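The values are calculated or read from the model by the stated rules, or taken from the named source; none is laboratory data. Fair warning: this is a prediction, and the values are worked out from it, not measured in the lab. Glycine also receives a Cβ, built like all others from the backbone with ideal geometry; neighbour counts cover every protein chain displayed.
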Amino acid sequence: MINKLIERIKEKTYTVGIIGLGYVGLPLIYTFHKEGMPVIGYDIDQSKVSNIQSGTPYIKHLGEEMMQSLSQSNRCAATTDFSRLTEADAVLLCVPTPLNQYREPDMSYVISTTETVAHNLREGQLVILESTTYPGTTEEVMIPLLEKHSGLIAGKDFYVAYSPEREDPGNPNFNTAKIPKVVGGHGEDALKLAQALYDTAIVQTVPVSDTKTAEAVKITENVFRSVNIALVNELKVVYAKMGIDVHEVLDAADTKPFGFMKFTPGPGLGGHCIPIDPFYLTWKAREFQENTRFIELAGEINTHMPQYVIEQTSNALNTHKKAMNGSKILLVGLAYKPNVDDMRESPTFELFHLLEDLGAEVAYYDPYIPTIPPTRQHANYTGRKSTDWNEATVASFDAVLISTNHSDIDYSELAKWSDCIIDTRNAMKGISPKNGRHIFKA
Ligand SMILES: NC(=O)c1ccc[n+]([C@@H]2O[C@H](COP(=O)([O-])OP(=O)(O)OC[C@H]3O[C@@H](n4cnc5c(N)ncnc54)[C@H](O)[C@@H]3O)[C@@H](O)[C@H]2O)c1
């Protein structure tokens, strides 16, 4: 059976189904489609499905061309009808894996999607989990559910693999197709089939021994980022007290051609991955009576960063003989990183809360997020609108706090318009402030 399936992949008559059409699933479906594969996208969110059908962009950095090509194609379908899962030869799961209120893995999306797949599973299908998760998820959670509800046996009647998504939204140098894909299979045939599938569309496939190794690869990458970001955040605080600019230090250190990799400090961690994924491992490690001390420490340092930024903002206002209470503060950048509209876990929300708790009057400017859409954690901010970007508006604030350095903002305008700028991203590098003013780094 396996060779016939691989033959169909090569002939491009093999249909790729993708569940979850968000930041990961949408570019992934496009990547397979672009290489000539028939694709079907599934989501419970009718608006995403309708937008794909009509060619309307809903993730800003992915743009119109992608949506048009999907909507106009007779090889692409998008649906909320999960009984159509039987039409797919491979089913790739790209659903959320957040933390619950106790900071433990919330597996509800993976479980409910797996159950849906299981109820529609047929012989020969390949099921691949792409969501980030703790080592063991595919073998311990997914496969038992798939077998129980379908009556089929993994590795014999159908195939299962895990392949972490390494998408970096908004990165102009790497899209889904250009990022090597790590794959772990439940058995040799599953690996062979999954590898053949990714080989059609992705620059390189990196096979590993099994699904839990592939799961560990992704967690390792994100733990590495979280720990290193915490390190530079700690250095930022120490060096600031010594009168040393951490950014200058890091830029110079980065000229070393080996043994150093530059990470950049900021106002805290954001996004759907780095603040969350390491704690999937922390949770799983407890089952083995192990502590993940680096992860915990990094979490502690990174989550303290917004508090540090607030202290620096307070000091900046103090220099201008102003109190935080009653001051008008403009936050520049609501997205968690530059040049995207993703505000999940953005530390700017924490800054919003902390500033308002201290009595400041807070507004934001973000060209990527004109209005704050409904979110799980920040319901009271829904509907707030980005301010205008002009001298009169910006100058009416007592302080401007740069929390995300979108590259299409003209920071030299800001230098002319605002008396008091607090910069958490080194966005004002090389820009002189107004006469006699000072740009505060935080
Ligand atoms: N965003 C990133 O940069 C990134 C990068 C690498 C890995 N990841 C991982 O990829 C996974 C997906 O992340 P994302 O950013 O694309 O999330 P997302 O929230 O942008 O998209 C998830 C999609 O799944 C849909 N969905 C939720 N429950 C569903 C269900 N039961 N059935 C069908 N669809 C359902 C949602 O409607 C949404 O469209 C996560 O595990 C994440 O950690 C994300």
Residues in region 369-386: is at least one in contact with a Pro (Cβ under 6 Å, 6 or more places away or on another chain) and part of a loop (DSSP other than H, G, I, E, B)? yes
Number of the exception - Asn291 against (1) more than 24 Å from Asn405 (Cα to Cα); (2) within 16 Å of the ligand (Cβ to nearest atom); (3) not in a helix (DSSP H, G or I): (2)
Residues in region 255-276 that are more than 16 Å from the ligand (Cβ to nearest atom) and of a type in the set (A, V, I, L, M): how many? 1
Here are the criteria: (1) near the ligand (Cβ under 9 Å from one of its atoms); (2) touching a helix residue (DSSP H, G or I) at 6+ places or on another chain (Cβ under 9 Å). Tell me which single one Val117 does not satisfy. (1)
Of all residues in region 91-105, count the ones that are under 18 Å from Gly25 (Cβ atoms) and more than 10 Å from the ligand (Cβ to nearest atom). 2
Please tell me if Ala214 is at pLDDT 95 or above, within 17 Å of Lys441 (Cα to Cα) and touching a strand residue (DSSP E or B) at 6+ places or on another chain (Cβ under 9 Å). no
Evaluate region 216-238: report whether one residue or more is in a loop (DSSP other than H, G, I, E, B) and surrounded by fewer than 22 Cβ atoms within 10 Å (Cβ to Cβ). no
So, of the residues in region 346-358 that are out of contact with any helix residue (DSSP H, G or I) (no Cβ under 8 Å at 6 or more places or on another chain) and crowded, with 21+ Cβ neighbours inside 10 Å, which turns out to be nearest to Gln307 (Cα to Cα)? Thr348
Considering each of Ile29, Ile59, Ile19 in turn, give the residue that is within 27 Å of Lys148 (Cβ to Cβ) and among the hydrophobic types (A, V, I, L, M, F, W, C). Ile19
Name the residue, out of Thr371, Thr387, that is without any contact (Cβ under 8 Å) to a residue 24 or more places away in the chain and over 26 Å from Tyr239 (Cα atoms). Thr371
Checking Leu21 against (1) in contact with a Gly (Cβ under 6 Å, 6 or more places away or on another chain); (2) part of a helix (DSSP H, G or I), only one condition comes out false. Which one? (2)
List the pairs whose first member sits in region 31-60 and is closer than 19 Å to Ile369 by Cβ, whose second member is more than 10 Å from the ligand (Cβ to nearest atom), and whose Cβ atoms are under 6 Å apart, counting only residues at least 6 apart or on separate chains? Pro57/Glu64; Pro57/Met67; Tyr58/Asn51; Lys60/Asp341; Lys60/Tyr368
In this structure, does Ala399 turn out to be over 21 Å from Val309 (Cβ atoms), out of contact with any Asp or Glu (no Cβ under 6 Å at 6 or more places or on another chain) and of a type in the set (Gly, Ala, Ser)? no
Positions within region 269-293 being at pLDDT 95 or above, in contact with a helix residue (DSSP H, G or I) (Cβ under 8 Å, 6 or more places away or on another chain) and surrounded by 15 or more Cβ atoms within 10 Å (Cβ to Cβ), in sequence order: Asp277, Pro278, Phe279, Tyr280, Leu281, Thr282, Thr292
Taking the residues in region 167-188 that are at pLDDT 95 or above and in a loop (DSSP other than H, G, I, E, B) as candidates, determine which candidate is nearest to the ligand (Cβ to nearest atom). Ile179
Every residue in region 146-165 that is within 13 Å of the ligand (Cβ to nearest atom) and out of contact with any Lys or Arg (no Cβ under 7 Å at 6 or more places or on another chain), please. Tyr162, Glu165
Enumeration of residues in region 32-72 that are among the β-branched types (Val, Ile, Thr) and assigned to a helix (DSSP H, G or I): Val49, Ile52
Considering each of Tyr14, Tyr42 in turn, give the residue that is within 9 Å of the ligand (Cβ to nearest atom) and either in the same structural domain as Tyr198 (by TED's automatic domain parsing) or more than 30 Å from Gly124 (Cβ to Cβ) (or both). Tyr42
Subset of region 206-222 (residues that are under 14 Å from Lys284 (Cα atoms), within 12 Å of the ligand (Cβ to nearest atom) and of a type outside the set (Asp, Glu)): Ile219
